[in-house]
C-alpha cells in the first residue's frame, strides 16, 4: 500500500469516527428531548402534547417506558465490538417493549375491553387480541410473559434460575416458620379448652362488649365465639348490613287503560271503496293494460281503509317486467296520486297493484292495541304499527328486530310513528320491565315524556334524569350505554346465561333483581351526526352489533335519509327499517335499498321491511295525538317516579369526578370563588392565581365539563353561568361563603 493510500484511509477512519460521535450526540439529545416531552408534556407546548398522545395511542401506559428503552437502544449502538450483536440487542429492547404492552393489554382486558386498549395501546391491543384468539386469554398472557422475560434475559443476562432458586428457598423458610407457629398456637388452644371457667368469663365479657357495640351501631350484627361443640367454625365478628328490597318493586303500579286513547270510528267499512268503485277500477285497469298489449285479468281485490290492492293474473307469455314498467301509465289512467306495483306478490302467482282510496280513513292507535295481535302477545317490546294493505292490524316486536331505522320526509308521519312506538310499550310494560333513553336534539317531540317513570339515563341519578337534547350530552350517554352493555355481558357470563330472558328467569328463581330492557330512541339522527359524527357512529355500531342479547335496543329516526346520515356502517347493522314518504327514489334506495317510498301518500303511509324479508310490506301507520300523549304522561306521573339503581357509568360524587379530571376539590372551590369575585375567567387569570399553567388548564377543563362556563363556536370569549356556579358551591362546598351580586 502506498503512503498516500494509507493517509487517505487514516483520514477516512478519522472522519468516520467524528461522524459516529456526532450522530451519537444527536441521538442522545433526541432521547433526552423525548423523555422531557413524555414525562412533562404540560411544559413542552404542543409538541409534548402531540408526542404523548401518539405514544398513548400506540403503546398505552407502556409509552412512558419508551424513552428508557430508546436510551438503551442508543447505548447498544454506541458499542464498538460485534456490530450484529448491537443491532440484535437494540431490536430486542424494542421487542420487549411491545411484549410488555401486549401483556398489559391482556391483563387489563379481564376487567374491560376499553381498559385493554388504554393499557397497551393499539399495538398491545392488536397483538394481545391475536394471541387471545389463538390461545385464549390465559395462554396469551402466558406466552407474552415468556417472550417478555426471554427478551429481558437476552438484554440484561438476568440469572433467572438463581432468582427462582433464591425465591424457593425463602418460601420454604417461610413455610417452616409458619408450621412452627401453627403447632404452638394449636397447643395453646388445646390447653385453653381444659380451662372452662376462664372461657365462660371471657365469653360473658365479649357478650357485654357486643351489646354495647350494637347500641352504637344498630345496623351491624356482632356474633362472638363460644366454647363448646358446634361453635368452633364461627368467626370472631360477623357483620351484616341491613338492606331493603330487591329493587324490582312497583307492586302498586297499575298499567294505563286504553280509555286514554281515542276510539276508532264504529263503521267497519270506513274508508273502503264501494263495490261499484272497485268494479270500475278493475275495468279501467284491464283496459289500460290491454291498450299496451299486456294480457292480464283482475282475479282478486283486497280493499283496506287507506288503499286497495288489485291482484292481476298475467296471461300466458306475459312478462312481469312489462307490467311493472307501466306504473306511471296505470296511475294516469286511474287518476291516482301514486300507485305501487308488487311484481309479483310474495307467495302468490299474481302481480299486486296498490291504489290509494279516494277517501282514506284514519287509523287510530287504540284499535291496534285492542286487537288480538297485540292483546294475546306477552312481549314487553311489542308495538302497534298500523293496518296492513288487507286492513288487518299489524304489530311489530322490537325485541326480535332487534333495532329499527325510521326515515321519512317532513310531514310524512315520522314523529307520530315514534309516539305510537313509545305509547304502545308504555301501555304494556311497567317501569321495572322497560326503560327509555330519549334523545331529541330538536327539543320538539320527545320532551312530552319528561318525568315518566320509564325514563332512564345511564350517566345520572333518577332524580336528575331527563330527555337528552344536547348532541354532546347524547354522545356521552351513548358511550355510557355501551359501557352498560359491556357490564351486562360480564354479569351474564358470570351466571352462565346467554341473553336477558335467561338471566331474568334465573333471577326470578333465585330471588335476585331482574334486568330491565333499555330502548334508546333518537328522534333526529342527522343533528347528532352533524356535531359528533365519529363518536355517535362508533357507539351506534357497537350497540347495534352486540346489544340485543343484553336487552338494549335502538330506534333511529331521521328526516334526512342521505348517505352521510344513514351511513353504510349504520345500515349494515339495522336490517329492520320503516320508510315513510320521501322526496326521491334515491332517498328510498338509501332506506330500503329499493324504490317505492317515493310513491307513498304521506300521513303515515309507510313501507315496513322486516328483518330477513325480501320486500317491504305496505301499512298505514297508527295515529296518536298530542292530547292523548299528554293524558298518558299525566297518568304515568301519578303512578311512580323515575327509579333505577346507581350504575358504574354514573358519577358517584363531586370529589371523584374532579379527581378524574386531575383537579383537587379545594382548588376547584377556590377557582369557583375566584370566578365569582372577578366576574370573568381565563387561562391567564387561573395561572396567576394557582401558579401553574397545567393547573390552570385542568381547572378550565373542569369548569367546561361541569357546564359552568361555555365558549360559543367561533368565539374566544367564555360565557359564565354565575347562577350555576353559586348553586354548585352551595351543594358541594357549603363551607365556602358565597356573595351574590344584584
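What follows draws every value from the coordinates through simple rules; no lab data is involved. No experiment lies behind these values; they were computed from the predicted model shown. Heads up, the Cβs are rebuilt from the backbone with ideal geometry, glycines too, and the neighbour counts pull from every protein chain shown.
With R₀ set to 25 Å, the beta-carbon distance separating residue 707 from residue 634 gives a calculated FRET efficiency near 0.25.
Note on residue 572 and residue 50: the extension gain reaches 184.4 nm, defined as 0.36 nm multiplied by sequence separation minus the Cα-Cα distance. Note on segment 409-431 and segment 568-642: Cα centroid distance 9 Å, given to the nearest whole angstrom. In this rough spin-label picture, where each label sits 7 Å from Cα along the Cβ direction, the residue 444-residue 149 distance is 6.6 nm.
Can you tell me the order of 704-710, 61-67 when each peptide is scored by its average per-residue count of other Cβ atoms within 10 angstrom, highest first? Please report the intermediate quantities before stating the final value.
Working: 704-710: 15.7, 61-67: 19.4.
Averaged packing, sorted descending, gives the order 61-67, 704-710.
Given a Förster distance of 35 angstrom, what is the FRET efficiency for residue 178 paired with residue 57, based on the Cβ-Cβ distance and rounded to 0.05? FRET efficiency, residue 178 to residue 57: 0.15. If you plug the beta carbon distance of residue 162 and residue 392 into 1/(1 + (r/R0)^6) with R0 = 60 Å, you get a FRET efficiency near 0.15.
With 0.36 nm allotted per residue and the present C-alpha distance subtracted, the residue 32-residue 487 stretch has 159.6 nm of extension available. Approximating the spin labels as points 7 Å out from Cα along Cα→Cβ, the residue 510-to-residue 21 distance works out to 7.3 nm. The slack between residue 186 and residue 135, meaning 0.36 nm per residue of separation minus the straight C-alpha distance, is 13.7 nm.
Note on residue 65 and residue 375: the model spin-label points, each 7 Å out from Cα along the C-beta direction, lie 6.9 nm apart.
Taking the mean number of other Cβ atoms within 10 Å as a proxy for protection, how do you rank 331-343, 684-696 from highest to lowest?
Put in order of decreasing packing, that is 331-343, 684-696.
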